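The values are calculated or read from the model by the stated rules, or taken from the named source; none is laboratory data. If you're wondering where the values come from, they're calculated on a predicted model, not measured in any experiment. Cβ coordinates were reconstructed from backbone atoms using ideal geometry, including for glycine residues, and neighbour counts include every protein chain displayed.
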Amino acid sequence: MGGLVGQSRGKAGLRACGCAMVGFILVAGCADDGTPKGAASSGTPGTSATPSGTGGSGAAGTGASAPADKPGAATAIAMPPLDESKQPRTAAEARTLLGRVIIAEQDLGPQVVRSTPFESDPGRWPVLDEACVWQTDGLPDDVLATSTRHFHIPAKDGRGRVRISATVTVHHNREESGWETARAMEEVLRCPDQKLREGEDLKKLWGGALYLGEQMNGWTEDAFSESGDYVSAQDGGPHPYIWSQAQFGPVTMAISAKAAKGVTNDDLTAFVAQGTSVMMIQAKQQLGKAAG
């Protein structure tokens, strides 16, 4: 939804710095088609962010395999046309699709484990209120299904715990998923400081979006990212924070990562790029038109 998101972009001078951020993630973490680059040697905490060889939850056996000669790289799939006949029409169909797109912990690397709670309530939706505090509410009319999975890398060898979340949301159509991206941009403009929950805050947020074909974006219909500082009563801070969101047809896929002591922004970028790329590949496999 380049037109819709473009309307949001024009409301502030966010685009210039936002393009730099999105471009950085694409350069540092992904090739133009969404294939992760250098995740296996990026200095991530613990060991490399090498995928297990199967993407997502494995619900339909459609995961992206990593070529044996390129550790840490998911199989590249160019941007296919959307096959509208494959779009889910009901909440049940959307939940099935969601399960085939969202990643599991092994897609991010062997050091990544599930957090508790692992999955969000499928009937709830995050809402940023007027006071810039995140709340939950029932699903809006434009969302068929959504799910967030929570992972972490345990604290070890003087490094704090890295917190990672993956979110997939299925809308009725491409227009609705485009508006989701536009609203995400507006939230950063409205609330550069946000409260996640008591004792957990995001500070100095900034971000931006690139529509397909703009600058280096050749892998998603809209690439949106934000970054800033994460401050926690438990983890201290400020520490780096990154959010990256991609879109294919009616589906949006996002990864957020929060650092802790001894963890750098570059460490987070590898996981964010890896997770977003794998989910995008799986969405293309599920919803794209077959070649030929």
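Here are some notes:
- Tally, over the stretch 116-127, of residues that are under 18 Å from the mean Cα position of the chain (by Cα), assigned to a strand (DSSP E or B) and surrounded by 14 or more Cβ atoms within 10 Å (Cβ to Cβ): 1
- Test: residue 182 is surrounded by fewer than 23 Cβ atoms within 10 Å (Cβ to Cβ) and hydrophobic (A, V, I, L, M, F, W, C): yes
- Residue selected from the stretch 205-232 under the condition at pLDDT 90 or above and out of contact with any Asp or Glu (no Cβ under 7 Å at 6 or more places or on another chain), by the criterion nearest to residue 155 (Cα to Cα): 230
- Residue count for the stretch 76-115 satisfying the condition of being among the hydroxyl-bearing types (Ser, Thr, Tyr), in contact (Cβ under 8 Å) with a residue 40 or more places away in the chain and not in a loop (DSSP other than H, G, I, E, B): 1.
- Residue satisfying condition, being in contact with an Asp or Glu (Cβ under 9 Å, 6 or more places away or on another chain), in contact (Cβ under 8 Å) with a residue 60 or more places away in the chain, under 14 Å from residue 159 (Cβ atoms) and charged (D, E, K, R), within set 261, 289: 261
- Of everything listed in (1) within 16 Å of the chain's Cα centre (by Cα); (2) over 23 Å from residue 90 (Cβ atoms); (3) among the small types (Gly, Ala, Ser), the single unmet condition for residue 158 is (1).
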